[in-house]
Each structure stands twice: as structure tokens, then as C-alpha cells.
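The values are calculated or read from the model by the stated rules, or taken from the named source; none is laboratory data. Treat the numbers as computed from the prediction; the structure is a model and nothing was measured. Here the Cβ positions follow ideal geometry from the backbone for every residue, glycine too, while neighbour counts run over all protein chains shown. Only protein heavy atoms, including side chains, enter the accessible area calculation; ligands, DNA and RNA are left aside. Shrake-Rupley method; radii C 1.70, N 1.55, O 1.52, S 1.80 Å.
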Amino acid sequence: MNNPLLKITNLELGFNTFQGEHKILHGLNIHIKAGERVALVGESGSGKSVTARIILGMFDELTSANFSGDILFNEQRLDLMTKAQKHSLRGKEISMIFQDPTSSLNPTFKIGQQFYEVLRTANPKIKKQAANKIAIDWLHKVAITDADRVLNSYAFQLSGGMNQRVMIAMALVNKPSLLLADEPGTALDVTVQAQTLNLMRELVTQENTAVLFISHNLGVVREFADRVYIIYKGRIVEQGKTHDIFDNPQHPYTQALMAAVPRITGGGIPEIDDTSERYYDPIFIHKGGEEIGDPV
Amino acid sequence: MNNTILFAKNINKVFGKGKDTVQALSDVTFGLQQGECLAIVGESGSGKSTIANVILGIFPPTSGEITFLNEKLLPERSLMLKKQIQFVQQNPLSALNPKKTIGASIKLALDVHNIGDKSDRGQIIDTLLLEVGLPIEFKHRLPAALSGGQRQRVSIARALACEPKIIVLDEPTSALDVLVQARILNLLNKLRKERGISYIFITHDLAVVRNIANNVCVFNQGKIVEYATTDVIFNNPKQQYTRQLISAIPVIDKSEQILRNKLSEAHNAQF
């Protein structure tokens with residue numbers, strides 16, 4: 001059977017606060033097949049970023065976070081793994097790109113050194129020179145022509161677009177099977193964003209990397225993803241193939257989102273409620289968007 | 001034209017001294033009519049915010065002059081001029097005093113500009129809050145107890161409190177979700193029509209511009225590369241750079257894609 005690369009079942013998350021537990025995720029079900037580009041779209045606070053952070057194990061040390069649910073990655077239970085097991089996956093099998101590229105690179109080390117460290121996680125014996133060669137090769141792949149200068153610079157000496165391309169190269173250099181991209185273009189200008197996303201799409205197609213693409217920008221999602229999950233307040237409200245979702249949105253929340261996006265063809269902006277009871281309607285699953293083996 | 005309320009002529013701004021200088025604005029000229037929404041678009045570093053700061057009088061231009069209601073605007077602004085040109089920022093949380101209630105923040109504007117009788121000011125605050133679509137009880141709340149969209153409404157109410165002629169909006173919806181953005185844009189449109197205020201709307205989001213602005217200035221590296229009505233900019237842009245900007249916008253429906261493809265074909269045809 002063609003099992004999915006990543007399968008999340010009934011994921012719940014809550015944070016302990018002084019007022020008691022604050023629920024963030026109410027049972028998410030997400031699956032990603034190998035090489036598939038899947039987008040998770042929602043407003044701020046809908047729980048899209050925390051989902052990626054749970055997959056990466058970033059809340060394991062946080063005592064105020066309670067989560068439950070099964071996370072199956074490559075037939076292994078991520079949620080039952082030890083710290084060391086998870087550590088060995090990160091950077092090799094699963095890697096992540098964050099929103100703000102300049103602050104996700106270490107400002108006290110040159111890019112070359114950081115690249116070397118990334119390569120060492122996959123191959124601890126790699127020599128500096130060999131690492132340098134691979135790094136230059138990958139920087140060329142992300143359309144950085146003066147790779148030598150970039151490797152010799154600090155993150156703050158490079159532009160945002162340049163840093164994001166360095167991040168993409170670092171995230172993909174160890175050929176992970178899953179890439180988590182959390183709003184990778186949001187901090188960039190539109191033209192730079194379009195360039196970086198095109199590059200990213202080409203590379204992940206080439207390397208057959210699956211991507212969980214997290215964004216609030218519907219336009220970007222439409223251009224990048226094969227399949228889309230729309231998330232609202234910790235619940236998936238609609239899922240399906242990208243063109244089904246965009247050409248034929250069914251859930252009231254998705255419809256409101258689509259209507260609210262300003263169009264370059266004009267037509268003004270309609271009056272839309274920013275909250276509504278109907279946004280809590282049950283999930284709508286388009287044909288072809290369901291999990292393999294799920295009852296249709 | 002006689003209902004031009006603001007005219008910027010040959011504005012230059014150079015930062016730095018000696019060899020290390022940056023020409024942030026070069027030879028920028030535009031006019032703003034009463035009740036108009038003029039959009040200033042460009043990528044980061046194109047000088048959009050610099051022109052806003054020059055108009056607001058935060059720093060003077062290196063050369064060139066701005067006339068407001070047929071009077072030359074000097075770098076030293078009188079209280080009256082400050083009152084008539086107001087500012088709404090991108091991030092409402094950092095624009096509001098976190099220790100002051102919403103009511104107190106708005107009242108400060110009324111006190112500084114001495115608007116209305118002291119005893120009536122409570123009443124004015126209530127009307128302003130209702131006008132921007134917030135419940136009156138909110139005046140007792142702190143900014144931290146409001147959502148992003150609600151905070152932005154407070155910033156707008158505070159700008160309105162001064163009864164300005166012009167509001168400079170610097171990326172007013174960039175920090176907001178699309179549903180909230182739609183509501184804020186509608187509110188801004190409504191206020192402009194009702195009160196006849198002019199907006200200088202600074203943004204990098206061209207899709208927003210398409211739906212709110214009358215005229216558009218496209219900035220690139222401190223220069224205006226194209227200045228035309230919104231219809232012309234989106235249907236028949238003259239400049240290569242404008243086409244390039246529009247063809248980079250991610251779109252969500254088919255008619256938009258057709259328009260965008262048409263523009264990027266024209267863009268490619270030039271090579």
C-alpha cells in the first residue's frame with residue numbers, strides 16, 4: 001500500500017495558563033504523501049505554526065504544553081520517540097524553514113560555518129573543504145552566483161531574500177524527505193517572494209521532497225501546493241486538491257476567506273463578518289483530498 | 001486644480017554625510033486632491049516611508065517643497081498643521097500606549113489639540129468609537145485586551161479625533177488577517193466618503209491598492225517610476241517595473257490570472 005510519509009491523527013494541543021487549560025488544536029488529521037506539497041492555511045492564532053513545531057518536537061521540553069495524538073512519520077511513531085531519536089531526524093529527515101530568515105541564522109557565525117554544521121549532522125566525518133564544495137554547489141542551485149562571498153559573510157550582511165535562499169539551501173542539502181516551511185516568503189518583498197518560491201518549488205520537485213507549507217497567503221498557496229488544508233481555530237474546516245478548494249470552496253469559512261482577498265481585477269471589498277457561528281460548521285472534504293484507505 | 005490640498009514638488013532626501021550618503025528620495029513630485037486616496041507602492045527600501053515622514057514633518061526634505069492648502073509646509077510645524085495631517089501606523093500595538101486605556105489614548109489627542117469643551121470630550125470619544133465600529137465599553141480597556149483589528153480601529157479613531165484633512169496610512173493592514181483587513185479597508189473607505197478626508201496610503205500590497213486607491217505612485221529606489229490612475233496602472237501600465245511588480249502578485253482566481261498573464265506577456269515582449 002502507498003502509505004503516507006507523514007500521518008497525523010487526532011492531534012490535540014493545549015497550553016496551561018493561570019485560567020486553566022487553553023485549547024489550541026481540537027483533533028487535527030493531516031497526511032502527506034512522499035513528494036507531495038501540502039499547504040496548511042489559516043489566520044493568525046489558528047494553530048498552523050504550532051502543528052509544524054509539534055512535528056519537529058519543539059514543545060517536548062515545554063511543561064505547559066499538553067498534546068496528544070499519533071504522529072506517524074515513515075512508519076515510525078514520532079510522538080513516542082526519545083529525544084536522541086528525534087534529534088537524529090532533525091536536519092536530515094525533517095527540516096524546517098522559518099518566516100524571518102535573518103533571525104533564524106546565527107548572527108555570530110559566518111554562513112560557511114553554519115553550512116558546515118548542517119552537513120556534519122548528516123555526515124559527522126565530513127571535511128571542511130568537502131563541505132565547502134557542497135555548500136557552493138547548493139548555493140548555485142538557489143541562484144546565488146557569488147557563493148564564496150556569501151559563505152564568508154554573516155547573516156546580517158546579506159539581504160532578506162539572500163538569507164532565505166541560504167536557508168532553503170541548508171534545509172534541503174541533506175535531502176530530507178519532509179520540509180516544513182512556515183510562512184517562508186512573508187518577510188520578503190513580492191518580487192523576491194515570487195523568486196524564492198519558484199526556486200523552492202523547483203528544488204523540492206527535483207529532490208522529491210514532501211513539503212508542509214504553512215501560510216496565511218492564499219495566492220501563494222494556490223501557486224505552490226498540490227493539496228490544501230484550511231484551518232480555523234484549531235480545526236480543519238476544508239481539505240482537498242488545490243484547484244477544488246480555489247475554484248469551488250464549500251465551507252462557509254473558506255468562502256469568506258476567498259471573498260476577503262482583494263483582487264487585482266478590482267471589484268471592491270465585500271462586507272464580511274470576521275466571526276460567525278457558521279465558521280464552526282463540520283469539515284468538508286473534497287473528492288481526492290481524503291486519506292488513502294479512508295472510507296469515502 | 002483648485003481642490004489640491006497637498007502638493008509635493010521636487011522632493012529630494014539624502015541621508016548621511018560626505019561619502020556615505022543614500023539618496024532616499026529623488027525628485028518626487030505629486031499632488032493630493034481632497035477626498036482622494038493616493039497609494040504609494042514599492043518594495044522595501046524604495047522610499048515609501050521616507051516620503052511619509054517628510055509629509056508628516058518628522059524630518060525635513062533636503063530640497064524641494066511641500067504646499068498644504070496653498071501654504072508652504074515648513075519643517076517646524078505648528079500645532080494646527082500637526083492636527084491636520086495625522087498618521088496611522090502598521091503595528092497598532094506599538095502605536096498605542098500599553099499602560100493607558102483606549103479612552104485615555106484618544107482623549108490625549110483631544111486634550112493636546114484642545115478639541116471640544118472639556119466636559120464634552122467623553123461624549124466625543126464615545127462617538128468616535130462607534131464610528132469606527134467599536135463598542136463604547138472598550139474605552140475602559142487596555143490595548144492588550146483587544147485584537148489586532150480592534151487596535152487598528154482605535155488608531156484610526158485617534159487619528160479621526162483630530163479632525164484631520166489628511167491621514168497618512170503606513171501599511172495599515174499588513175499586520176492583519178485577510179478577513180480583518182477587508183473590514184478595516186471598508187471602514188477606511190466609508191470614512192473617506194463621509195468625511196471627505198484624503199489618504200496617503202503606503203503599502204507594498206498591490207491587490208489592496210487596486211480596491212481602495214484612486215491614484216497610484218509606484219516608487220523604485222527613491223524615484224516615482226509611474227504615477228497614474230489605478231485603472232491605468234492595472235490595465236495598461238506603461239512602465240516595465242510596474243508590470244514586473246504586478247506579475248509577481250500571487251493571485252487566487254482565474255480572471256486575475258488572465259490579467260496577470262497579459263501583463264507579464266507584455267513584460268516579456270519587451271525583451
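Results, tabulated for the structure shown:
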read-out: Residues in segment A:185-211 occluded by at least 50 Å² - accessible area, probe radius 1.4 Å, against chain by itself; value: A:ASP189, A:VAL190, A:THR191
read-out: Helix-derived mean residue ellipticity, 222 nm - over chain B, DSSP H n ≥ 4, -39500 (n - 2.57), to 500; value: -12000 deg cm²/dmol
read-out: Calculated on alpha-carbon atoms, Rg and Dmax of the protein assembly as shown in Å; value: 25.5, 78
read-out: Residue-averaged 222 nm ellipticity for chain A, from DSSP H runs of 4+ at -39500 (n - 2.57), nearest 500; value: -10000 deg cm²/dmol
read-out: Average beta-carbon neighbours from other chains, 10 Å sphere, peptide B:34-45; value: 1
read-out: Folded to 0 to 90 degrees: helix A:190-207 orientation relative to chain A principal axis, Cα; value: 80 degrees
read-out: Number of partner chain Cβ atoms within 10 Å, mean per residue of B:242-249; value: 3
read-out: At least 10 Å² accessible surface lost relative to isolated chain, residues of segment B:179-220 (1.4 Å probe); value: B:LEU179, B:VAL180, B:GLN181, B:ALA182, B:ARG183, B:LEU185, B:ASN186, B:HIS204, B:ALA207, B:ARG210, B:ASN211
read-out: Choice from A:ARG263, A:ARG90, A:ARG222 showing the highest fluctuation, given a GNM over chain A with Cα pairs closer than 10 Å; value: A:ARG263
read-out: Acute angle (nearest 10 degrees) that the helix A:111-122 long axis makes with the longest principal axis of chain A, alpha-carbon atoms; value: 70 degrees
read-out: Hz values of 3J(HN,Hα) by residue in segment B:200-216 - Karplus curve (6.51, -1.76, 1.60), Gly and Pro given as x; value: 10, 9, 9, 7, 9, 8, 5, 5, 5, 4, 3, 9, 10, 8, 8, 10, 10
read-out: Antiparallel bridges, percent of DSSP beta bridges restricted to segment A:6-285 (to nearest 5); value: 55 percent
read-out: Buried on assembly, segment A:233-266 (at least 40 Å² less accessible surface than by itself, 1.4 Å probe); value: A:ALA260, A:PRO262, A:ARG263, A:ILE264, A:THR265
read-out: Dipole moment magnitude, nearest 20 debye, segment A:87-188 about Cα centre, only Lys, Arg, Asp, Glu C-beta charged; value: 520 debye
read-out: Relative contact order of segment A:225-264, pairs being alpha-carbon contacts under 8 Å that are 6 or more residues apart, as %; value: 30 percent
read-out: Solvent-accessible area buried by pairing A with B, both sides, nearest 100 square angstrom, 1.4 angstrom probe; value: 3100 Å²
read-out: Nitroxide proxy distance, nm - points 7 Å out along Cα→Cβ at A:SER103 and A:ASN3; value: 3.9 nm
read-out: Burial order of peptide ranges A:265-276, B:222-233 (average beta-carbon count within 10 Å, highest first); value: B:222-233, A:265-276
read-out: Cα centroid separation, segment A:18-34 to segment B:45-120 (Å); value: 44 Å
read-out: Shielding score for B:251-262, defined as the mean number of other chain Cβ atoms within 10 Å; value: 5
read-out: Accessible area per residue in Å² at 1.4 Å probe, computed on chain B; value: 45 Å²
read-out: Estimated vicinal HN-Hα couplings, Hz - segment A:21-30 in sequence order (Karplus 6.51, -1.76, 1.60; Gly, Pro = x); value: 7, 10, 7, 10, 10, 10, x, 8, 10, 9
read-out: Table column - 3J(HN,Hα) (Hz), segment A:264-272, Karplus curve with 6.51, -1.76, 1.60, x for Gly and Pro; value: 7, 8, x, x, x, 10, x, 6, 10
read-out: Over chain B, relative contact order from alpha-carbon pairs under 8 Å, at least 6 apart, %; value: 24 percent
read-out: Amide proton proximity set for A:VAL237, modelled H, under 5 Å, gap of 5+; value: A:ILE230, A:ILE231, A:TYR232
read-out: Apportionment of accessible area to carbon and sulfur, chain A, percent (1.4 Å); value: 50 percent
read-out: Folded to 0 to 90 degrees: helix A:160-172 orientation relative to chain A principal axis, Cα; value: 90 degrees
read-out: FRET E, pair B:SER255, B:ASN189, Förster distance 22 Å, beta-carbon r, rounded to 0.05; value: 0.50
read-out: Alpha carbon centroid spacing (whole Å) that separates segment B:21-44 from segment A:35-54; value: 37 Å
read-out: C-alpha center-to-center spacing [segment B:130-153, segment A:212-227] in angstrom; value: 32 Å
read-out: Mean accessible surface per residue for segment A:34-91, computed with a 1.4 Å probe while every protein chain stays in place, in Å²; value: 48 Å²
read-out: Inter-label distance, nm, simple model (7 Å from Cα along the C-beta direction), B:GLU163/A:GLU277; value: 4.4 nm
read-out: Percent RCO, i.e. relative contact order, over segment A:6-285, from Cα pairs under 8 Å lying at least 6 residues apart; value: 24 percent
read-out: Longest to shortest principal axis, alpha-carbon extents of segment B:129-247, angstrom; value: 51, 27, 24
